[in-house]
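Okay, so here's the structure we're looking at.
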Amino acid sequence: MIVRVDTDLLRRILTASLPAGTRAADLFVESRIGLSVAVDGPEADPADAIVERRWETGAHLRRFSEGRGESFVLDAPTPESLEALALHPEAVAVEWLGGTARLGVARDRAAGAVLEATLADASPRAEDGPWSDAARRAAVDLIRDALDRLRAHAAGLGATLSASASLASHVQEVLVLATDRDPARDTRSFVDLRLHARVERDGRSHAATQTLSAASPPALAALVGRGHAAEELVARALRGLEAAAAPRGEMPVVFASPSGGFLLHEICGHLLEADHILRGASPFVGARGQAVASSLLTLADDGSTAGMRGSTLFDDEGVAARRTPLIMEGILVGYLSDRRTAFATDGISTGNGRRQSYRDAPMPRMTNLVIDPGARGFDEIVASTPAGLLVTRLGRGRVEPSTGRFALAVEEGFVIEGGRATAPAAGRVLRGTARELLLCIDAVGNDPAADTGAPLCLKEDQAIPFGILQPTLRVARAGVTGGEP
């Protein structure tokens with residue numbers, strides 16, 4: 001179950017077969033392996049774990065001409081069918097062509113080793129890797145450790161607990177071959193642990209969920225072992241029993257690190273994507289060089305930061321990941337682009353061409369939202385807020401690209417009274433516009449923290465992972481309402 005690709009031969013076929021008038025072509029080859037393990041309760045026998053395995057491979061070929069483009073998708077490729085796709089993609093929809101490419105492109109070369117890319121082995125017989133018995137046992141052990149921690153903490157607080165957990169491990173191998181740049185190859189992996197806890201006390205119950213994400217099973221095990229995820233999840237569920245409706249109206253809102261990153265991803269990440277800019281569907285059209293936020297805010301996209309959820313060596317068009325400044329001390333300095341929309345970024349892609357899978361075309365998408373730290377501490381920021389709302393967790397929401405209007409649910413927060421966080425707050429929605437909120441930021445903390453959860457970015461039905469690194473932020477005023485986002 002391995003796809004081996006002679007990258008040099010395939011690239012030469014791709015170049016030699018360009019139709020007249022075609023400017024360039026690129027070929028995206030992907031292998032994606034998934035392992036899911038679920039255990040229902042701390043006492044479950046590992047033999048009863050629910051295990052699902054997934055493996056898929058595919059390729060996506062694009063040809064670029066002036067003013068238009070063509071796309072061709074191939075499922076479950078073989079080396080021979082990939083060569084046929086590069087040679088004559090129109091024919092692959094009917095039948096793929098085997099044998100030597102009839103373009104005078106030699107299969108054998110006089111000198112040098114074959115430049116071969118091997119895309120993931122998903123064999124259940126492998127001694128290691130996502131599908132191995134060792135990986136399955138490690139997943140079950142990690143799940144049971146987390147459930148044991150949940151149970152012990154709930155018992156210590158006098159609460160009855162029902163809990164479940166699941167682990168999803170993903171490995172994606174990507175190869176990008178293009179006629180106008182060097183080949184790019186990347187292996188991306190992450191493991192997500194989802195915990196669900198329902199607590200009961202004094203005849204009332206409340207449920208809460210938490211997802212932890214890391215780049216590998218050992219890194220995730222270390223995160224569970226050294227952190228307080230289980231304790232915090234139980235505590236959050238118990239706070240839900242006591243949560244009351246918070247005040248409504250315009251008020252200061254403090255976003256504890258890294259809870260506000262999702263909001264800024266929505267109002268900056270999406271609204272600064274070059275496809276929205278070129279269509280005129282963003283409030284930031286024509287605003288480069290202008291003050292669009294508080295001078296306290298410096299914000300960038302950075303797909304090169306090691307260990308973050310959106311980090312890669314290359315984007316899905318083979319462009320190297322990098323740091324792209326977006327807002328510097330309140331001034332809008334950049335947008336996020338792929339190769340197709342690079343006109344908005346001085347003709348150079350920022351390395352943000354991303355796609356959910358080989359079936360999809362890439363689009364400009366944020367990788368990791370990174371906000372530079374300020375000078376103030378969290379306690380100082382809260383203490384200098386006479387009244388308002390402290391947000392510690394945001395939930396579902398929406399943003400209108402053309403206007404920048406947003407609505408996001410507050411999944412967990414606290415009422416601020418007299419410079420102190422007091423009662424748990426629930427049932428509130430933040431509403432406003434992107435530019436108003438950015439201009440109202442009046443405090444930035446010195447405590448940047450990475451989101452260890454598993455945030456997903458949705459755009460045109462494509463879901464991809466992204467990362468957040470954000471210090472505490474305070475907005476001088478924001479709309480707090482009831483209802484649904």
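The values are calculated or read from the model by the stated rules, or taken from the named source; none is laboratory data. None of the values given here were measured: they were computed from a predicted structure. Heads up, the Cβs are rebuilt from the backbone with ideal geometry, glycines too, and the neighbour counts pull from every protein chain shown.
Pairs linking a residue in the range 3-14 that is part of a helix (DSSP H, G or I) to a residue that is of a type in the set (Ser, Thr, Tyr), with Cβ atoms under 6 Å and 6 or more positions apart or on different chains, are 14/179. Note on the range 11-31: residues that are basic (Lys, Arg) and under 11 Å from residue 175 (Cβ atoms) total 1. Being closer than 24 Å to residue 190 by Cβ and modelled with pLDDT under 95 is the requirement here; does residue 456 meet it? The answer is yes for residue 456.
Restricting the search to the range 312-344, which residues are of a type in the set (Ser, Thr, Tyr) and in contact with a strand residue (DSSP E or B) (Cβ under 6 Å, 6 or more places away or on another chain)? Before the answer, list the steps.
Kept after step one, since they are of a type in the set (Ser, Thr, Tyr), are these residues of the range 312-344: 312, 324, 335, 337, 341.
Of everything in the range 312-344, those that are of a type in the set (Ser, Thr, Tyr) and in contact with a strand residue (DSSP E or B) (Cβ under 6 Å, 6 or more places away or on another chain) turn out to be 312, 324, 337, 341.
Residue by residue, here is whether (1) outside the structural domain of residue 353 (by TED's automatic domain parsing); (2) modelled with pLDDT under 90; (3) more than 30 Å from residue 136 (Cβ to Cβ); (4) in a loop (DSSP other than H, G, I, E, B) holds:
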| position | (1), (2), (3), (4) |
| --- | --- |
| 44 | yes, yes, no, yes |
| 61 | yes, no, yes, no |
| 86 | yes, no, yes, no |
| 108 | yes, yes, yes, yes |
| 118 | yes, yes, no, no |
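For residue 378, the criteria (1) under 20 Å from residue 469 (Cα atoms); (2) hydrophobic (A, V, I, L, M, F, W, C); (3) surrounded by 19 or more Cβ atoms within 10 Å (Cβ to Cβ) hold in every case but one, which is (3). Kindly indicate the residue of the range 451-463 that is part of a strand (DSSP E or B) and buried (at least 19 other Cβ atoms within 10 Å of the Cβ) and also nearest to the chain's Cα centre (by Cα) among those meeting that condition. By that ranking, first place goes to 457. For residue 223, are the conditions met, namely being modelled with pLDDT of 90 or more and either crowded, with 16+ Cβ neighbours inside 10 Å or over 30 Å from residue 62 (Cβ atoms) (or both)? When the stated conditions are applied, residue 223 does not pass them.
Inspect all residues belonging to the range 140-150 and state whether any of them is farther than 20 Å from residue 49 by Cβ, touching a helix residue (DSSP H, G or I) at 6+ places or on another chain (Cβ under 9 Å) and not assigned by TED's automatic domain parsing to the domain that holds residue 355. The answer is no, given that none of the residues of the range 140-150 is farther than 20 Å from residue 49 by Cβ, touching a helix residue (DSSP H, G or I) at 6+ places or on another chain (Cβ under 9 Å) and not assigned by TED's automatic domain parsing to the domain that holds residue 355. Got at least one residue in the range 343-352 being modelled with pLDDT of 95 or more, buried (at least 17 other Cβ atoms within 10 Å of the Cβ) and part of a strand (DSSP E or B)? Checked the range 343-352: no residue is modelled with pLDDT of 95 or more, buried (at least 17 other Cβ atoms within 10 Å of the Cβ) and part of a strand (DSSP E or B). Looking across the range 69-86, the residues that are of a type outside the set (S, T, N, Q) and over 16 Å from residue 23 (Cα atoms) come down to 72, 73, 74, 75, 76, 77, 79, 80, 82, 83, 84, 85. Is it the case, given these coordinates, that residue 395 is of a type outside the set (D, E, K, R), outside any loop (DSSP other than H, G, I, E, B), surrounded by fewer than 23 Cβ atoms within 10 Å (Cβ to Cβ) and in contact with a Pro (Cβ under 9 Å, 6 or more places away or on another chain)? So residue 395 fits the description; yes. Of all residues in the range 352-379, those that are of a type in the set (Phe, Trp, Tyr) have Cβ atoms under 6 Å from Cβ atoms of residues that are at pLDDT 95 or above and in a loop (DSSP other than H, G, I, E, B), 6 or more apart or on another chain, in 378/447; 378/472. When residues of the range 289-327 are filtered for being charged (D, E, K, R) and surrounded by fewer than 20 Cβ atoms within 10 Å (Cβ to Cβ), how many remain? Result for the range 289-327: 2. Yes or no: residue 234 surrounded by 21 or more Cβ atoms within 10 Å (Cβ to Cβ), of a type in the set (A, V, I, L, M) and more than 30 Å from residue 318 (Cβ to Cβ)? It is true that residue 234 is surrounded by 21 or more Cβ atoms within 10 Å (Cβ to Cβ), of a type in the set (A, V, I, L, M) and more than 30 Å from residue 318 (Cβ to Cβ). Residues in the range 51-68 that are of a type outside the set (Phe, Trp, Tyr) and farther than 15 Å from residue 179 by Cα: 11 in all. May I ask you to list the residues in the range 330-371 that are farther than 21 Å from residue 23 by Cα and out of contact with any Asp or Glu (no Cβ under 9 Å at 6 or more places or on another chain)? Within the range 330-371, 330, 331, 332, 333, 371 qualify. Can we say residue 286 is more than 23 Å from residue 479 (Cα to Cα), out of contact with any Phe, Trp or Tyr (no Cβ under 9 Å at 6 or more places or on another chain) and surrounded by fewer than 17 Cβ atoms within 10 Å (Cβ to Cβ)? Yes, satisfied. Among the residues of the range 426-469, the one identified as polar (S, T, N, Q) and closer than 20 Å to residue 381 by Cβ is 446.
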